[in-house]
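Beneath this line is the structure, given in structure tokens, with notes to follow.
The values are calculated or read from the model by the stated rules, or taken from the named source; none is laboratory data. Computed from a prediction, not measured in an experiment: that's the story for all the values here. Please note: Cβ atoms are built from the backbone with ideal geometry, for glycine as well, and neighbour counts cover all protein chains shown. What goes into the accessible areas is simple: the full protein's heavy atoms, side chains included, and nothing from ligands, DNA or RNA. Shrake-Rupley method; radii C 1.70, N 1.55, O 1.52, S 1.80 Å.
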Amino acid sequence: MAEQQNDSLVIAGTTYNSRLLVGTGKYKDMEETRLAIEASGAEIVTLAVRRTNIGQNPDEPNLLDVISPEKYTILPNTAGCYDAPDAVRTCKLARELLDGHDLVKLEVLGDQKTLYPNIVETLKAAEELVKDNFKVMVYTNDDPIVAKQLEEMGCVAVMPLGSLIGSGLGILNPHNIRIIMENANVPILVDAGVGTPSDAAFAMEMGCEGVLMNTAIAAAQNPILMASAMKKAIEAGREGYLAGRMPKKAYASASSPMEGLIVG
Amino acid sequence: MQIQVNGDIIDVEDNMTLGALLTQMDLGERRVAIELNLEIIPRSQHAETKLAANDRVEIVHAIGGG
């Protein structure tokens, strides 16, 4: 157990005990958001930046009151941005909103049907943000070459998709994710596509540094229970990875000794 | 004078400050970030920043997202 106590996730020099990162979208209300995030044990929590509705009720609870920056590491995202200039603007607004906090999740999308990353714009935005001293955790596809380029540009974590955002289809190309991890010197986290605790555990067993998810928890029948399940799955998967799996064999290998058998 | 706030054109008093605009919109106490003509205006400068006709103001806040 001693090893596990030192087994932390390090992103941009900061140490985290939880390898589960969670989003705050799609919950029924602020209370459900708060309880699910708490049950997940996550320390890094994503949120979005949007125009403030004019004339909205000023008494309405603010997400930052529920998910407090004192308690959590807030990871503002650029979800909904389809080009580099919008993504960069969003990050700058987020930094102002969070009093200079410079860790961001860059996500530049290609189209509304797939929400697949637009890699050309992602690379442009990453370059500009790194130059502007942002610490960029970048959502990307499972292309090992692009992942390496993003790392070389100075992104602090690279986050390939398991499958399409909100699809719950799991990790569709584990082979590519493995190649990305083999080449990487920054944490690789699976972002998007996880649907079940077994998907999350699978990603962790492969050796991913962490998993970022939102819909798998928020769209569960019981989000708070699912958040707790995901927490355990991430921990189990990580311990399984560290423990090292048994080799696969084509034939059986008895677990009980043959010696002293009463038959024969 | 007319300015644009979050895409909507609104009428405000001439020489209004950003701080006064936020107060008028009941946003004085809320945690928001402001962009004026694509430039971030730090919170510490809201009170003294004067608005001009046709300015484009973006006011954003944090919401749930993944």
Among (1) of a type in the set (D, E, K, R); (2) surrounded by fewer than 17 Cβ atoms within 10 Å (Cβ to Cβ); (3) under 22 Å from A:GLY80 (Cβ atoms), which single condition is A:GLU182 missing? (3)
For the range A:42-56, indicate whether the set of residues that are at pLDDT 95 or above and not in a strand (DSSP E or B) is non-empty. yes
Restricting attention to the range A:75-96, and to residues there that are closer than 17 Å to A:GLY23 by Cβ and within 9 Å of chain B (Cβ to nearest Cβ), which single residue is most open to solvent (accessible area, probe 1.4 Å)? A:GLY80
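Select the strands (runs of 3 or more DSSP E) contained entirely in the range B:4-64, then report the ones holding at least 1 residues which are among the hydrophobic types (A, V, I, L, M, F, W, C) and either more than 10 Å from chain A (Cβ to nearest Cβ) or open to solvent by 60 Å² or more (accessible area, probe 1.4 Å) (or both). Even if it seems obvious, please write down each step before you answer.
Values: elements: B:8-11, B:33-36, B:39-41, B:56-64.
Those strands (runs of 3 or more DSSP E) span B:8-11, B:33-36, B:56-64.
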Starting from the range A:100-116, keep only residues that are acidic (Asp, Glu), then list their pairs with residues that are in a loop (DSSP other than H, G, I, E, B) and at pLDDT below 95 whose Cβ atoms are within a distance under 6 Å, requiring at least 6 positions of separation or different chains. A:GLU107/A:ALA79
Odd one out for B:ALA53, checked against (1) in contact with an Asp or Glu (Cβ under 9 Å, 6 or more places away or on another chain); (2) over 13 Å from B:GLN4 (Cα atoms): (2)
Among residues belonging to the range A:107-147 that are over 17 Å from A:ILE177 (Cβ atoms) and part of a strand (DSSP E or B), point out the one that is most open to solvent (accessible area, probe 1.4 Å). A:LYS135
Output the residues belonging to the range A:101-121 that are among the hydroxyl-bearing types (Ser, Thr, Tyr) and over 17 Å from the mean Cα position of the chain (by Cα). A:THR114
